[in-house]
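Data first, discussion second: the structure below is written as structure tokens.
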Amino acid sequence: MAITFQSENIPFPRTIKKRKTANWIKSVAASFGKKVDELAYLFCDDQKILEVNRQYLQHDFFTDIITFDYSEGDAIAGDIFISLETVRSNSQKYRTPYEEELHRVIIHGVLHLCGLQDKSRREKKAMREAEEKALNLLILND
């Protein structure tokens, strides 16, 4: 059971406290009846996430997060790529603090691994509510 955090082409985000963030992720997964097996976070720049999007998903656009799901049963596992540049621009666009937006994206990937989707309007609403609940958990544990 391991959660790793790395960065490529960009400084590691100082707002991420690895142990605290890992414990938060585990508690959110547990609230869905899941346990964390192996999660690898890679914080990167827009160019890296575009490269991953093109190579593996055949998408030619920037995004804030790409989650590769290797989960089996109740054990979640995956590789999660997060573009810090897009997170920053989204925080400005949506007028949310950068740290909040970053944690929202971090947990968004976990929520996908727990089975939530965000294709339809109803799914997006449920995802947003789950993100808010998870962010409140993080704040309570401060």
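The numbers here are math on the coordinates, done by the rules we state, and not lab data. Fair warning: this is a prediction, and the values are worked out from it, not measured in the lab. Counting neighbours? That spans all protein chains shown, and the Cβs are built from the backbone with ideal geometry, glycine included.
A few notes on this one:
- Comparing mean-square fluctuations of LEU116, LEU102, LEU84 from a GNM of the chain with C-alpha springs under 10 Å, the top value falls on LEU116.
- Cα gyration tensor shape for the stretch 7-50, rounded if a/c is under 1.5, else prolate or oblate: prolate
- Assigned charges on the beta-carbon of Lys, Arg, Asp, Glu; the stretch 64-142 dipole about Cα centre (debye): 520
- In summary, the lysines within cross-link reach of LYS20, defined as a Cα separation below 22 angstrom excluding same-chain residues under 8 places away, comprise LYS34, LYS35, LYS133.
- Distant-in-sequence amide H partners of ALA75 (H built 1.01 Å from N, under 5 Å): LYS35
- Restricting the stretch 47-142 to trypsin sites (Lys or Arg not before Pro) in coil, as DSSP defines it, with at most 11 other Cβ within 10 Å: ARG95, LYS119
- Tensor-based shape of the chain (alpha-carbon gyration tensor, a/c under 1.5 rounded, otherwise prolate or oblate): rounded
- Per-residue extension of 0.36 nm, minus the Cα-Cα distance of TYR70 and GLU132, leaves a gain of 19.8 nm for this segment.
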